[in-house]
Structure formats: structure tokens, C-alpha cells
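The structure under discussion appears below in the form of C-alpha cells.
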Amino acid sequence: MTRIPPKLRKQLTRIGVMVFILMFTVLSGYVSAAPGADGIVPGNIPIPKISFGVEAAKGPQDVSVSLQILLLLTVLSLAPALLIMVTSFTRIVIVLAFIRSALGTQQIPPTQVLIGLALFLTLFVMAPVFGQINNKAIKPYTAHQISLNQAYDNASQPIRQFMFKQTREKDLALFVYLAKMKQPRTQADIPTYVLIPSFIISELRAAFIIGFLIFIPFLIIDMVVASVLMSMGMLMVPPVMISLPLKILLFVLVDGWHLITRALVMGYH
């Protein structure tokens, strides 16, 4: 290990002290400089000031605006849950997690990659529904052609139709019974709070069925590899060391990501 000569060490120390003093001088100049007439120091970076206050409403319009802001913040806070519960995200992300478990690759692909892929596949599947919501609810409401209640009704219809197509009648009947409702005659008689949990458990069932079908070929590979190793007397060799490359090779040869993605997307058409 080389040693620094004493003279060079003193010079480096002096240079470091000078740089520190220079930085301190520049920063103190930014802080102590007098602001101009517009409140901004010339040549300096303005620091924004954000303040929140609660004041008495001066009229019904102020109360309406405050309630709209509160409603918007509530919708934004519930947006992740709505995305997961009323779209195809649940089925897709569970199937992708089953693929990783069946391959036995631990954290490959990473969780962030699986969630990102599931999110973009969800946007692809839900694009027609989102287009209907935009055309029937958002654009007319922003153009002041319909009221807020009408916009909500127009936006909920495409989502409800999508959920009805993917929900089993057995699951709907279960929650209708649990809600102690009268026997509905049409889909319009089923409230949304009954439809959403029915849709969720139907999606979970479909995802687990697909996951079971995904596990079968990989399970066969594990069993074959374990049997071959036992017949050869190689009991000390972990079967995972042999089966893992074979499962990855099989998944690549059959173009597994293409097949899984195609099956997931076509399941909603």
C-alpha cells in the first residue's frame, strides 16, 4: 500500500479547506442576498413557498369546489384498489406469479417486472372499456353537456358490462344471497357493490385454473429428473440443479411468454 508524502498531504488538505470555504461562501451568498422588488434574488434559484389554509366559505360555490376537491383526492387514493379490483389486473398478475413459481427461478423475473407487465397487459385489455368511458362520460362532462351524476352512470356502464362478462352466475347468486336481496331479473337490478366481489372471486378462480395447467408440464419434468437421479444412484445431487435448466429450456422452446400472453388476452375477448 503506497503512502502519501507529508508535503503532498498538506497540499491536499489546504486545497480541501479552500474548496470548503468557497462552497460555504457561495451558499451563504445565496441565503443572505437581498431579494429584488419581485421577491426573487437576481441570479439565484427561487425557492417556492407552499401554504395551506382553512378559511370560512363565502358562498355555496366555495363549498361545492371544496367538496369536489375532496372527492377528487378520495378517488385518487382509491385508484390503485379500483385498478386491481374492477379490471383484469388480478388474473394477469396471479398467472404471472404462478409462472415464476412453476419455473422455480426464485426472484427471476423480479416482482417489479411482473407487476409492470401485468399493468400494461391490463391497459391493453381494458383499452376498449376506457375508450367507451372517455367518449360517453369524460368528454361530454368536460364539455358541460351532461351532469356529474350522468357522467358517473355513463362511466360505470362499460365497467359493469366488462365485469358481467367475466363473472359466473354462481358467484353472483352467492353475493345476492348474502346481501339478502330479492331475485334480480336483469343485470341492472344487481348493484355494483354486489357485482365487484363476485367478479373478484371469479377472476381468482380463473387465475388458479390457469396456474394449475401451467404447473403440470413443469411438475412432470421434476418427477422425471428425480426418478432418473434415483435410478442412477445420484441421491446427493439436488434435482433442482438438473430440472431448472430443463424447465427454462422448455419454456423458451415453446415460446412460453407468447403463449401465456395470448391466452390471457384472448380470455377476455
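The values are calculated or read from the model by the stated rules, or taken from the named source; none is laboratory data. Source: prediction; values computed, not measured. All Cβ positions, even for glycine, are placed from backbone atoms using ideal geometry, and neighbour counts span all protein chains on display. All accessible areas refer to the heavy atoms of the entire protein, side chains included, with ligands and DNA or RNA removed. Shrake-Rupley method; radii C 1.70, N 1.55, O 1.52, S 1.80 Å.
Some points to look at:
- Probing with 1.4 Å while keeping every protein chain in the model, the per residue accessible area of the stretch 144-253 equals 69 Å².
- The calculated Kirkwood hydrodynamic radius for the stretch 216-269 is 12.7 Å, given to one decimal from all distinct C-alpha pairs.
- Annotation for the stretch 144-198: trypsin sites (Lys or Arg not before Pro) lying in DSSP loop with at most 12 further Cβ atoms inside 10 Å of their Cβ are LYS180, LYS182, ARG185.
- Förster-model FRET efficiency, 41 Å R0, LEU259 and LEU235, C-beta, rounded to 0.05: 0.70
- Computed over protein heavy atoms with a 1.4 Å probe, the carbon and sulfur contribution to the accessible area of the stretch 145-262 reaches 68%.
- Cα gyration tensor shape for the stretch 72-209, rounded if a/c is under 1.5, else prolate or oblate: oblate
- Over the stretch 151-237, volume per residue of the alpha carbon convex hull, in Å³: 143 Å³
- Rounded to the nearest 10 Å², the accessible area of PHE251 at probe 1.4 Å: 20 Å²
- Residues in the stretch 198-240 that a label on LYS182 would reach, taking backbone N under 20 Å of a point 7 Å out along Cα→Cβ: none
- Extension gain (nm, one decimal) between VAL113 and SER156, 0.36 nm per residue minus Cα-Cα: 12.4 nm
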